[in-house]
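Participant: Structure in structure tokens, see below.
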DNA sequence: ATGACCAATTGA
DNA sequence: CAATTGGTCATG
């Protein structure tokens, strides 16, 4: 455990050159200090040693270093506080992990340079969590802490945090919210009793999921514990915020999001870290919130790719929350209308239990779903369909729906122009006869000119000769215009991108939205139309079908139940298995099959996978130095697109960027991460060119 | 990263 | 033989 160098004889020193060198340097430094007159550092009386995690981006320095605490800083350099220290000849930031009586370090300790603030922003739980997350994702603790602890705001820090009022929890209402689910009541009672149930939740279509989450949080709260609720985006934060106010009243929770501004974010963070408030609602930035006495972590719609962090080491919110539930012995609730393969895997391994409603309950709550093809035959027979890109069935359903409320049209992608482009060079694809833009008129049809109707089956790019076409971009605005012409006099509203509507009222209107931007309708939509489903499926991503189903279920769940006239019209190919899963409202069955596929293809979550990317030579040498566990496979490296944000100044000189995939059985996942950390440590120490490592990256494709 | 140290290499 | 360069190690 400890070094044996403490009482070394001279003979041993000779056998341990590094110790001898250290000693020699030590003596020299002390001599120098004496001669120059060292600053008298007067160490603190109690626990004069601070164990500091320094903020340096190097993998091999990701460990605590001991510093001497001067008396002046004895009261401010508390565990969890920020400090500045001298490290390797420069001033760096750090966190005090602990204050201890004495150091294990043999040499002389440098004093802390200063205490930034006495606010303990890094709790022992979050310090532990960042170590776990760093290990899981083969990253460093400082990288994780950058995500976990928001930037300090001195003015805000001076303000006191208002404590939450006395809670009044209506447990009966909480139970009622979860009554549709088999063992739903048991789940709520366990939360209220201080237990830690773990559930994968398949929400009943049409359910007010925000209210259900708020009530689960309230039940946990009534046991004297805190709760942490994560949702994909801002719109959902607002919805959950409103639900919590309606369940508990104001002042019991805070919102923690990255885009609320530094002051507001730090204020909310402090309210949580000081224990004044113990319920947190937020986006992925909230996953590390230091909630006191954490009793429940919950994640809504865990398949949303907004949960995959874009910053090193690229942790996924689901993973962070589940690690927390494990470490802090909290309950966990993961779910949505869809079920992810990762959720299914939690059930399969027995880590969590299913929280689902009986089949009859689901059937009664779901709208009537119909699939209608936009086949050539149908389009030709139906001039209207030709002009509005809308089959007759869908048109009729919209018209009927408008009789009793707003109608939701989900359209795959953002943008205005509808045209195909070259997969390679992005040059817009043009008709050889008339230079008009090409589109895909229907599923499994060749590209067709929008102007002259000419079919282009053997298309090749005029610029670069490539034969691949990118999926067309069908704009929500364009769709809105065309629909507006088809239904004159009806209000058409759009919700997409940075102009997202959070809700619409019950008045008849056509709402065109892109996936994830669908507004909540007061009373539910009488009709929901899913347009151009083959476009979403035409993407080549690994998770395409899973992601598409998730988006469709989320939109379809906003329709009224069938018995109240709710209808969902899906424009697509009824032969698609994924559309059948939607038709039967069977997200669980779909996830089961998808997981089986992933297992047989050795893909996550059944296997653990990491990518190593960078310059070709760097990747090759990185792979060479990786000490891989048994059963590991290396795929590639293969050339990839250059890293975004780095303009290629000289494509000749630039080494080609490549990516390799390393795959191991799930059981060897921890070993793989350790091997990657080790490799990065050696590379950093030797100043070899950097490679980027991502463990279980989302959407390899 | 940055700096210290040591060994090998280069140059007059 | 001194000056220089490159690699290794440690950073409290």
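The values are calculated or read from the model by the stated rules, or taken from the named source; none is laboratory data. In this text the structure is predicted, and so the values were computed from the model without any measurement. Here the Cβ positions follow ideal geometry from the backbone for every residue, glycine too, while neighbour counts run over all protein chains shown.
Participant: So which residues in region A:329-363 are closer than 14 Å to residue A:228 by Cα and buried (at least 19 other Cβ atoms within 10 Å of the Cβ)?
Facilitator: Selection gives A:330, A:331, A:332, A:333, A:334.
Participant: How about region A:130-183: which helices (runs of 4 or more DSSP H) wholly inside it have at least 2 residues that are more than 30 Å from the chain's Cα centre (by Cα)?
Facilitator: It comes to A:154-158, A:171-177.
Participant: Let me ask something else about it. Which condition number in (1) part of a loop (DSSP other than H, G, I, E, B); (2) within 15 Å of DNA strand C (Cβ to nearest atom); (3) modelled with pLDDT under 50 is the one that residue A:7 fails?
Facilitator: Of (1) part of a loop (DSSP other than H, G, I, E, B); (2) within 15 Å of DNA strand C (Cβ to nearest atom); (3) modelled with pLDDT under 50, only one is false for residue A:7: (2).
Participant: At pLDDT 95 or above and under 23 Å from residue A:333 (Cβ atoms): which single residue out of A:276, A:289, A:285 fits that description?
Facilitator: A:289
Participant: Could you check region A:491-594 for strands (runs of 3 or more DSSP E) lying wholly inside it with 3 or more residues that are under 23 Å from residue A:392 (Cα atoms) and at pLDDT 90 or above?
Facilitator: The strands (runs of 3 or more DSSP E) meeting that bar are A:527-530, A:567-571.
Participant: Then there is this: Take residue A:97 and tell me if it is outside any helix (DSSP H, G or I), touching a residue at least 12 places away in the same chain (Cβ under 8 Å) and within 16 Å of DNA strand C (Cβ to nearest atom).
Facilitator: Considered against the rule, which asks whether it is outside any helix (DSSP H, G or I), touching a residue at least 12 places away in the same chain (Cβ under 8 Å) and within 16 Å of DNA strand C (Cβ to nearest atom), residue A:97 comes out as yes.
Participant: Looking for something in contact with a strand residue (DSSP E or B) (Cβ under 8 Å, 6 or more places away or on another chain), touching a residue at least 24 places away in the same chain (Cβ under 8 Å) and within 16 Å of DNA strand C (Cβ to nearest atom) - is there at least one such residue anywhere in region A:138-145?
Facilitator: Checked region A:138-145: at least one residue is in contact with a strand residue (DSSP E or B) (Cβ under 8 Å, 6 or more places away or on another chain), touching a residue at least 24 places away in the same chain (Cβ under 8 Å) and within 16 Å of DNA strand C (Cβ to nearest atom).
Participant: Also, I was wondering about something else. Which one is nearest to DNA strand B (Cβ to nearest atom) among residues in region A:49-82 that are without any contact (Cβ under 8 Å) to a residue 40 or more places away in the chain and more than 30 Å from residue A:692 (Cβ to Cβ)?
Facilitator: The extreme case among them is A:72.
Participant: Does residue A:559 satisfy the criteria of being within 30 Å of residue A:505 (Cα to Cα) and in the same structural domain as residue A:404 (by TED's automatic domain parsing)?
Facilitator: So residue A:559 passes the test.
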